[in-house]
Each structure stands twice: as C-alpha cells, then as structure tokens.
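Down below is the structure, laid out as structure tokens.
Nothing in this text is a laboratory measurement; each read-out follows from the coordinates by a stated rule. Remember, predicted model here, so these are calculated numbers, not experimental data. As a convention, Cβ positions derive from the backbone with ideal geometry for all residues, glycine included, and neighbour counts pool all protein chains shown.
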Amino acid sequence: MTLKFAFKVILDYPAREGGSWPMDLEFGNYRLKRAERQLLGPKGPLELSARSFDILAMLLDRPDEVIGKTELFDAVWPSMVVEENTLQVHISALRKLLSAEMIATVHGRGYKYAGPKPFVAIAEATAPSRASIAVLPFDNMSGDQEQDYFSDGITEDIITQLGKFREFLVIARNSSFQFRGKANDVAEVAKKLGVQYVVEGSVRKIGNRVRVTVQLIDASSMAHIWGEHYDRELDDIFAIQDEITQMIAARLARQARTAIASRARARPTDNMSAYDFYLRALQLAATYDYDTVREAEPFLRQAVKLDPRFAVAHALLSFVETLKFFWIYDSTDLLHSGLAIARTALQLDPDEAYGHLATGFAHLYLRQFKQADISLDRAVALNPNDPIILSIRALHLNYTDRPGEALVEITEAQRRDPYAVGWYDDFRGIILTTAGQYREATACYAKMVTVPPWSLIRLIICHAELGEIRQAQDVLAKVKTHYRGLSLDQIIDTEADFYQDPTVCSRYRAILERVDKAE
C-alpha cells in the first residue's frame, strides 16, 4: 500500500463508518476536534451549533464528493421533517464563520467542501469517549401534585431506555431527581453530576391528553442541541417516550442508530390503568427503602391483574419480592416466589432486565452461584447503566471470591448514582471486608446513619482484625440485642452464610467467638 493510498483510506474512513472516526481534522487555519465536538480557529474555539458541526464534519470527511441535501437531512435531522431553508441557514452560518469559498453549492445536487485539503491530525488523535447524560425530573405542569408520579414515571422510563445504550453513561434517577422542583442552573447541575449533557422537560396531563416538552442541552456551551413538544392522546405516551429517547440517542451517538432501530420497544401495555398503577409503584420502588418498597407491591399486583401480559410490571414485582429477603431472612419462600414471578416476566419478554436481575438475586441467596452469574450478566448486558443491577452483581462478585472486580462494579454503579445515600457505603463496606481492607471498610460504615445487621457483622470483623477489640465488643453487643435468643452460629448463618467459599464464613465465625470470649 502506498503512503498516498494509505492516507486516503484514513481520510475516507469516517464516511464509511457513519462519521465516528475520532481523529481531529485540520484544514487551512482550522482544526475540527471530533471528540470535543469543537472547531478551533487561528484565535481559539469558534462558536458553532451542533447541527452546523455535523454538516461541516460530513463535508470534510468527503472533500472530493458532492453530498446531496437528502443525505444531509437524514444524517443531521434523523426522523424529523425539516424545511429546506433550515439547511441553507446552517450552510450560510458556516460560510460566514469560515469563508464563502470553502463550501460550494452544486446546483441541483447539493454541497461540496472546496477549501484547503483536510488532513488527519494523528498526533492529537483521541480515543472516543462515551457521552454522559442526566435526565432531570420532568416538571409536572398539571397543577396537581398528585400527578407527580406520572411525570416522574415518564422521566424514569426515558432514563431506563437511554441506559440500555452502552454508548452512554446515564445518571440514575435517584441522583438526577435531587434537582426536582428547583430553579436549576444547568451548567451547575452538570458539574455536580459530572455529565456533558442535560435533558429537561415537562408533562401536562389533562383528561385523556398529555403534552410533553423536552430539550437536550450541551452543558459546556449551553447550546440547545434539540427540543420538541408533543401533544397527544394519552394512549400515545409510549410512542412519545420512544421518540424522545431515540432523538437524544441520535444526536449524541450517531453510531447508535442501528441499535436504536433494533431496540425500539413494543408497546408495554394497552391498559392505561395498569400503566398508571405501574408508574405509582415505580416511584415507590425506586427508594429501595423497605417500608416504601412494600407500598409498591399492591400497585404492581393490581397492574398485572389488569394486564397479565404486562412484562415490565411482572419484572419489577419479581425484584420487589426478592428484595424483601434482605429484611425477612427467616424464609427463602420470598426467593422462590420472586423466581416464579420473574419466570412469568421473562416468558412475556426475554429481554426484561429486571426479570433477569430478580432471577440472579434469588439464585445468589439460594447459593446457586453459576445460575446467578448467568442471569446477572444478562441483566447488565440489557441495561449496563442501571446502578441497582450493577450493585447486585457487585455483591455476587464479592460472594464468589472476586472482591477486586466487585469494587470496580460498585464504583461504576455509584458513578451513575452519585447522590445515593447509604446503599453504596453498605455494599462497599461488605466488599472491602472480604478484600481485607478493614480500615477502608470501617470508614464506609462510619458514613452511614444506620448500619444494617448484615453489615454490623462485618464491622465486628474489621475492628477485630485491626486489633480494636473493645470496639468489636461494643458492636457485638448491638448484634446480640438485635438477634436476641440466637447463638453466634445462628447469627452468622443468618447474615453471612452466602459465600461460595465456606472458609470465609468459618473464619468470620471464629473471629466472632474470639471477640465474644475476650476479656
């Protein structure tokens, strides 16, 4: 291959791969920085809209070709009907920013780049990075606080659907919902959550009609990348949610288009009353507080009663059922019941992530580790951004003697839900104890307002292994009070007998006995 031919292959590559090649392009006194979506001129960054950037990138990718208007519309405004003069406005803006001679109009055909030959700036090429995004809770514009669950449910459903794309890092609802009902500075919110893009919106539900407005904002420049409003019959709410998700995805990751098309959801239910019950449950289940989660259960049971084929409601119900095992250890019936409900969910929809999550959770605590591994891996594959799925798999990795991998997983989960309180410190403490990082584990537990019983056991282990016997005895006294009437063996069996390696539990038991007998 000659150098000239090799260079042409590199330069032409983005056009064949949908414009996703990450290397910068230089042309004349300008530099197009793909990863940062930025245009640099002789005096620094130039102000360029997102759509103008996309048009310029397409023209530079194929400098020897005429690109037709239809192709430009399809690439820059996918799935949208746009007036022809809109394209002309962006072309005019580019000519004003660069020079009129750089972009030629080929009458009857389209446009062609006609400036200095672009070349790849290999020295400053950067690896592609995933777009990070937070969807803020949509405002309830109905004038009735009782309708908050509806706008929250729509927001969460959009978060869930975006989370299925590996191209994105999506912040979980528990963290993005910290900014509910506030006059938010988008740039400040993005900084606090560590994201590039923010989605804002509102929902107005009146009778059988719903109006949804949404906008996607680049927090670094405060540019409005995309905005739309929908005024539909309530039965169209699923189509609205899908369209919002797809449009955001199309704007942030062109390479995801094929995935978007293949992942478009079937309508989850035709029964709007069932969907209403599901949204009420979703709002409650998202807290993962036992008392609140219990309140979600009757709404879910009503939803599946109204529509027995409502897969996502079955899936969430299966997880709620298995999650109760955290608080009611004296019966594995909850795990078997959760498995049965999850089986129904997966028969209705084999790609329902929470059905696989509940299945993996139940198998883990039934000590069926291989089956848990398969189900939890599948749940992560279906929704790699869900922090709860990542957290439960972190526990599984911990219990199967992989605490190093578990720490990576729990860190990934917390990155997606940085405002979660307690949940991550608890799980991280369990994992750090398994890894023998006792001082770090005690620091995690110190952050918690209330340390649950299963982690009090680990706190005893940590203090004992650090030589802090008095502190270990104080915690053991709390444990004995909580489990009044149970022996140390029974306490260990209740709270820590979930490790695949039986020697871990035996070692914990020996440490507790040593603390108990210490003077």
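Structure above, values below:
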quantity: Cβ-based net charge around ALA510, under 13 Å, with every Lys or Arg adding one and every Asp or Glu removing one; calculated: 0
quantity: Relative contact order of the stretch 77-227, defined on C-alpha pairs under 8 angstrom at six or more residues apart (%); calculated: 20
quantity: Highest to lowest packing among 427-437, 46-56, scored as the average C-beta count within 10 Å; calculated: 427-437, 46-56
quantity: Per-residue Cβ neighbour rank within 10 angstrom, fewest leading, ILE389, ILE457, ILE374; calculated: ILE374, ILE457, ILE389
quantity: Ranking of MET247, MET448 by count of other Cβ atoms within 10 Å, fewest first; calculated: MET448, MET247
quantity: Evaluated over the chain, the Cα radius of gyration and Dmax, each in Å; calculated: 27.0, 94
quantity: Packing-based order for 378-384, 360-366, 291-297, 228-234, using average beta carbon neighbours within 10 Å, highest first; calculated: 360-366, 378-384, 291-297, 228-234
quantity: Computed lengthening from GLU233 to GLN490, 0.36 nm per intervening residue step minus Cα-Cα distance; calculated: 86.8 nm
quantity: Two-decimal Rg/Rh across the stretch 384-519, once Rg and the Kirkwood Rh are taken from alpha-carbon atoms; calculated: 0.97
quantity: Prolate/oblate/rounded call for the stretch 366-436, Cα gyration tensor, a/c under 1.5 rounded; calculated: oblate
quantity: Pairs beyond 24 Å (Cα-Cα), from LYS96/LYS191; LYS69/LYS96; LYS182/LYS205; LYS164/LYS447; calculated: LYS96/LYS191; LYS164/LYS447
quantity: Helical mean residue ellipticity (222 nm; -39500 (n - 2.57) per DSSP H run of 4+; nearest 500) of the chain; calculated: -17000 deg cm²/dmol
quantity: Global form of the stretch 131-263, assessed from the alpha-carbon gyration tensor, a/c cut-off 1.5; calculated: oblate
quantity: Share, in percent, of DSSP beta bridges within the stretch 131-263 that are antiparallel, nearest 5; calculated: 70
quantity: Residues SER202, SER331, SER455 arranged by fewest to most Cβ contacts within 10 Å; calculated: SER331, SER202, SER455
